[in-house]
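The values are calculated or read from the model by the stated rules, or taken from the named source; none is laboratory data. The structure presented is a predicted model; accordingly, all values stated were derived computationally and were not measured. Heads up, the Cβs are rebuilt from the backbone with ideal geometry, glycines too, and the neighbour counts pull from every protein chain shown. Ligands, DNA and RNA are stripped out before the accessible areas are found, and what is left, the full protein with its side chains, is counted by its heavy atoms. Shrake-Rupley method; radii C 1.70, N 1.55, O 1.52, S 1.80 Å.
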Amino acid sequence: MKNKISLKVNTDLTVSHQVLSWFEQINQPPIANKEIWWQCQTLMIEGFTNIVEHAHKNLPLETPIEIEAVRLNEYIEIRIWSQGEPFDLEQQLQQTSEFEENEQARGRGLKIMSVMADKLSYEPTGDHRYCLFISKSY
């Protein structure tokens, strides 16, 4: 089984509900483990929010964010392409405190994603963009 869906939205947090609604398509037939599906939804919205708030923070609202989700037999892959400044995901994860020690209201999203995802990366692409890649087994 392979199911692939794509979406393009503006750099705008108010479309978060649209992103989650679109993502629901990938859950057909429904993943039996509801906690795993909740984690997939969390990974999607955390990834999208990070691109809007950090990678695109100095870019116009009209700057597109392209999202792709692929469901294979045992895992879901999420790719979110951004056009922001370079960002070292591994370095940021090392510099962010663990949940218990992090009393800030912000800055925990990447840690949450790194714990939930089986694979998490943020790499440059050949077209001057970056791709946030998330993989989650189910």
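Averaging the sequence gap over all C-alpha pairs within less than 8 Å and six or more residues apart, then dividing by the number of residues, gives the chain a relative contact order of 28 percent.
Counted by Cβ distance under 15 Å from R79, the other residues give a net charge of 0, where Lys and Arg count +1 and Asp and Glu count -1. For the chain, modelled as a GNM whose springs connect Cα atoms under 10 angstrom apart, the maximal fluctuation among G84, G126, G109 occurs at G126. Orientation-averaged projection of segment 5-66 equals 4.1 nm² [convex hull of Cα atoms, one quarter of hull surface area]. Each part reduced to its alpha carbon centroid, segment 60-95 and segment 1-56 end up 11 Å apart. For the chain, the residue among M1, L59, T125 whose Cα projects farthest onto the positive side of the dipole built from Cβ charges is M1.
Charges were assigned to the Cβ only: +1 to each Lys and Arg, -1 to each Asp and Glu. The resulting dipole of the chain about its Cα centre is roughly 460 debye. With viscosity 0.692 mPa s and temperature 37 °C, the Kirkwood radius over alpha carbon pairs of the chain converts through Stokes-Einstein to a diffusion coefficient of 213 µm²/s. Excluding ligands, DNA and RNA, the accessible surface per residue across segment 7-80 is 50 Å² with a 1.4 Å probe. Taking the chain as a Gaussian network of alpha-carbon nodes connected by springs under 10 Å, the highest mean-square fluctuation of the residues I80, I112, I67 belongs to I112. For segment 47-88, the convex hull drawn through the C-alpha positions has a volume of 73 cubic angstrom per residue. Considering only D118, D127, D88, the mean-square fluctuation computed in a Gaussian network model of the chain, springs between alpha carbons under 10 angstrom, is largest for D127.
Annotated for the chain: lysine pairs at least 8 residues apart or interchain, Cα distance under 22 Å, count 15. Subtracting the Cα-Cα distance of E123 and Q18 from their residue separation scaled by 0.36 nm leaves 35.3 nm.
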